[in-house]
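Heads up, the thing below is written out as structure tokens.
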Amino acid sequence: MRRLLLLSMLLSTVYSVSAADSVITVKGQLKDNMCSVSVGSQDFTVDLQTYATSAFRSVGSSSNAVPFSITLENCGSAASAVKINITGTTDSTNSTLLKNTTAPGSATGIGVQILNADKVIIQPNQSSSSLSSTNLTANQTNIISYYAQMVSTSGTVVAGTVSSTANFTLQFN
């Protein structure tokens with residue numbers, strides 16, 4: 001009996017588990033290089049106007065470029081640049097265009113193109129490394145200018161509404 005008790009004590013000592021205290025470190029960083037998107041630039045519509053289908057005689061024909069802008073305010077003292085990615089569903093025949101809606105009554109053979117302030121085409125859905133930076137002025141409101149236009153994707157454009165949706169994401173440098 002003694003041996004059994006001694007063996008039992010030995011086994012319980014060998015197989016006992018003790019808990020150790022653990023440390024979790026939570027880290028973060030605060031930067032003063034960001035801006036807020038103004039209320040007027042959060043959700044808005046760009047009116048591309050009305051055109052006759054005959055204005056789009058061939059693939060690549062475009063409407064006039066309509067200006068719009070994104071206003072960044074409350075920029076911090078270290079704000080120096082931002083990369084802006086325009087994202088959305090692209091046209092199946094021309095990936096530089098945002099796809100026109102397929103709702104009843106929508107035009108066909110047309111997409112929407114976004115251009116930068118220099119009227120250079122902005123490719124939607126870029127990887128972060130492919131985006132160009134736009135310089136910002138610290139401690140000031142910054143207005144970033146763009147243009148939008150309709151571009152035909154077919155030699156035959158069918159009349160109807162033109163409506164595309166895009167989002168923009170900001171990456172501050």
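Points to keep in mind about this one:
- Proximal aspartates and glutamates to K31, defined as alpha-carbon separation beneath 17 angstrom and excluding residues fewer than eight positions away on the same chain: E73
- Local net charge near V162, Cβ-Cβ under 14 Å (Lys/Arg +1, Asp/Glu -1): -1
- All aspartates and glutamates inside 19 Å of K119 as judged from Cα atoms, apart from same-chain residues fewer than 8 positions distant: D47
- Taking packing as the residue-averaged number of other Cβ atoms within 10 angstrom, the listed peptides 156-167, 121-132, 28-39 run from highest to lowest as 156-167, 121-132, 28-39.
- Taking the helices alone, the chain has a mean residue ellipticity at 222 nm of -2500 deg cm²/dmol, built from -39,500 (n - 2.57) per DSSP H run of at least 4 residues and averaged over all its residues.
- Ranked for footprinting exposure by Cβ neighbours inside 10 Å, fewest first, K99, K119, K27 give K27, K119, K99.
- The angle separating the long axis of helix 2-14 from the principal Cα axis of greatest extent in the chain is about 30 degrees.
- Comparing mean-square fluctuations of T90, T153, T45 from a GNM of the chain with C-alpha springs under 10 Å, the top value falls on T45.
- Alpha-carbon gyration tensor eigenvalues x 5, square-rooted, for the range 31-172, Å: 32, 14, 12
- T108-S129 pseudo-label distance in nm [points 7 Å out on the Cα-to-Cβ vector]: 4.0 nm
All of the numbers you see were taken from the coordinates with simple rules; none came from a lab. Note that the structure is a prediction, hence the values are computed from the model and not measured. Glycine also receives a Cβ, built like all others from the backbone with ideal geometry; neighbour counts cover every protein chain displayed.
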